[in-house]
Every structure is written in structure tokens, then in C-alpha cells.
Amino acid sequence: MPRKPIDIPPAAAKAFMRALKAFFKEKDLHKRDRIAGDQMRALWEHQRAGDKRVNILDVKELFLAMKDDA
């Protein structure tokens with residue numbers, strides 16, 4: 001049975017989009033990892049109990065998938 005997607009409040013979604021733009025502007029790989037890590041922890045706050053935790057690779061994959069939206 002497919003799980004329901006994470007329900008993210010508008011303010012958190014806007015912050016995610018700002019981080020997405022910052023991620024692609026940043027040239028330093030360590031700083032890019034920091035941006036992705038911060039967003040990973042922000043997404044954890046909106047996950048339901050029992051869901052598999054989003055990891056940093058998931059966030060980077062999301063960023064790459066959404067690159068054209070930045």
C-alpha cells in the first residue's frame with residue numbers, strides 16, 4: 001500500500017525552495033552538503049511516526065529533480 005506523501009506547511013515549502021536555489025548557487029561541496037543536511041532535518045519534523053526517515057541522498061535527489069523549478 002503506497003504511503004501518503006509528507007504534508008509540508010507553506011512556510012517550510014518556501015524555505016525548502018530557498019535552500020534549493022542556494023544549493024545550486026553554492027560551489028563549495030561541503031556547504032552544499034550542509035544545505036542538504038539542514039533540509040533533511042527540516043523534513044524530519046514533518047514526517048509521520050513509522051515512516052522511513054528522509055536521508056541526505058533523498059534530499060539531494062529531490063534537489064536535482066526540482067532543479068528546473070529553482
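The values are calculated or read from the model by the stated rules, or taken from the named source; none is laboratory data. Note that the structure is predicted; figures quoted are calculated from it, not measured. Cβ: placed from backbone, ideal geometry, glycine included. Neighbour counts: every protein chain shown.
From Asp68, Asp7, Asp51, grab the single residue that is acidic (Asp, Glu) and free of Cβ contacts under 8 Å to residues at least 24 places away in the same chain. Lay out the reasoning, then the answer.
Details: Asp7 fails: free of Cβ contacts under 8 Å to residues at least 24 places away in the same chain; Asp51 fails: free of Cβ contacts under 8 Å to residues at least 24 places away in the same chain.
Within the list Asp68, Asp7, Asp51, the selection yields Asp68.
Between a first residue in segment 12-37 that is within 18 Å of Val54 (Cα to Cα) and basic (Lys, Arg) and a second residue that is modelled with pLDDT of 95 or more and surrounded by 13 or more Cβ atoms within 10 Å (Cβ to Cβ), which pairs have beta carbons less than 6 Å apart while being 6 or more apart in sequence or on different chains? Here the result reads Arg32/Phe23; Arg32/Glu26, each pair linking segment 12-37 to a residue that is modelled with pLDDT of 95 or more and surrounded by 13 or more Cβ atoms within 10 Å (Cβ to Cβ).
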